[in-house]
1. Could you tell me whether Ala87 is among the aliphatic types (A, V, I, L, M), crowded, with 16+ Cβ neighbours inside 10 Å and at pLDDT 95 or above?
2. Please tell me if Ala114 is under 30 Å from Asp149 (Cα atoms), crowded, with 17+ Cβ neighbours inside 10 Å and modelled with pLDDT of 95 or more.
3. Six or more apart or on different chains, Cβ under 7 Å: which pairs go from a residue in the range 34-61 that's surrounded by 12 or more Cβ atoms within 10 Å (Cβ to Cβ) to one that's part of a helix (DSSP H, G or I) and among the charged types (D, E, K, R)? Could you list them?
4. Cβ-Cβ under 7 Å, sequence separation 6+ or interchain: first residue in the range 2-29 and under 14 Å from Ser107 (Cβ atoms) and β-branched (Val, Ile, Thr), partner at pLDDT below 95 and not in a helix (DSSP H, G or I). Which pairs?
Amino acid sequence: MVTNMDAAVCTVREFHFRIGERVAERPGLLPGSGDHARELADELRQLIAAYSEPSDTLLCRATLALEELAEWLDAHARGSRLEAVDALADRLFVLLGDAVASGLPISEAFAVVAESNMTKASHDMRDGKGMKRAGYKSPKKQLQKLLGDLENGEC
């Protein structure tokens, strides 16, 4: 079971190797179009403005996640590793905050999903997902059991 951040990163790195996705050898920015990154960041901010609703917890958390993603894209567009790592850490902090706000068991769920993802195969498309082929094990039953165990006070 994945129990800490370093172990989680190692698990994701192993998955990236498995499916042929990019694995950086040293800290850097992702390759891509700075202009498109900036345009997408601007579009995300338009969505944020359209859906900002402080009294709606779900929308508030979603727009917070979008804002951090926009900052990450802007950092890449500007070529700033410092701003990118700050935005990346903020994105993770927001995601973990979603787990705290919802009470969902992220550590246990991550372990279940990681185990499932490792049954995926590589493919030619570079989308970071892997292919669900023969031998793929869906995480849904284990996640349902995890939620049931929590409701019954078993975890």
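The values are calculated or read from the model by the stated rules, or taken from the named source; none is laboratory data. Please read all numbers here as calculations on a predicted model, not as lab measurements. Here the Cβ positions follow ideal geometry from the backbone for every residue, glycine too, while neighbour counts run over all protein chains shown.
1. Against the criterion (among the aliphatic types (A, V, I, L, M), crowded, with 16+ Cβ neighbours inside 10 Å and at pLDDT 95 or above), Ala87 qualifies.
2. On the way: under 30 Å from Asp149 (Cα atoms): yes; crowded, with 17+ Cβ neighbours inside 10 Å: yes; modelled with pLDDT of 95 or more: no.
So Ala114 does not fit the description; no.
3. Once the first residue is surrounded by 12 or more Cβ atoms within 10 Å (Cβ to Cβ) and sits in the range 34-61, its partners that are part of a helix (DSSP H, G or I) and among the charged types (D, E, K, R) give Arg38/Asp74; Ala41/Asp74; Ile48/Glu67; Arg61/Asp98.
4. From residues that are under 14 Å from Ser107 (Cβ atoms) and β-branched (Val, Ile, Thr), the pairs are Thr11/Val2.
This table checks each residue for (1) acidic (Asp, Glu); (2) touching an Asp or Glu at 6+ places or on another chain (Cβ under 9 Å).
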site: Glu68; (1), (2): yes, yes
site: Glu71; (1), (2): yes, yes
site: Leu82; (1), (2): no, no
site: Ala87; (1), (2): no, yes
site: Leu96; (1), (2): no, no
site: Ser102; (1), (2): no, no
site: Ala111; (1), (2): no, no
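Residues are listed down the side, and each one gets a yes or a no for (1) among the aliphatic types (A, V, I, L, M); (2) under 19 Å from Trp72 (Cβ atoms):
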position	(1), (2)
Asp6	no, no
Thr11	no, no
His16	no, yes
Arg22	no, yes
Glu25	no, no
Gly32	no, yes
Ala37	yes, yes
Asp42	no, yes
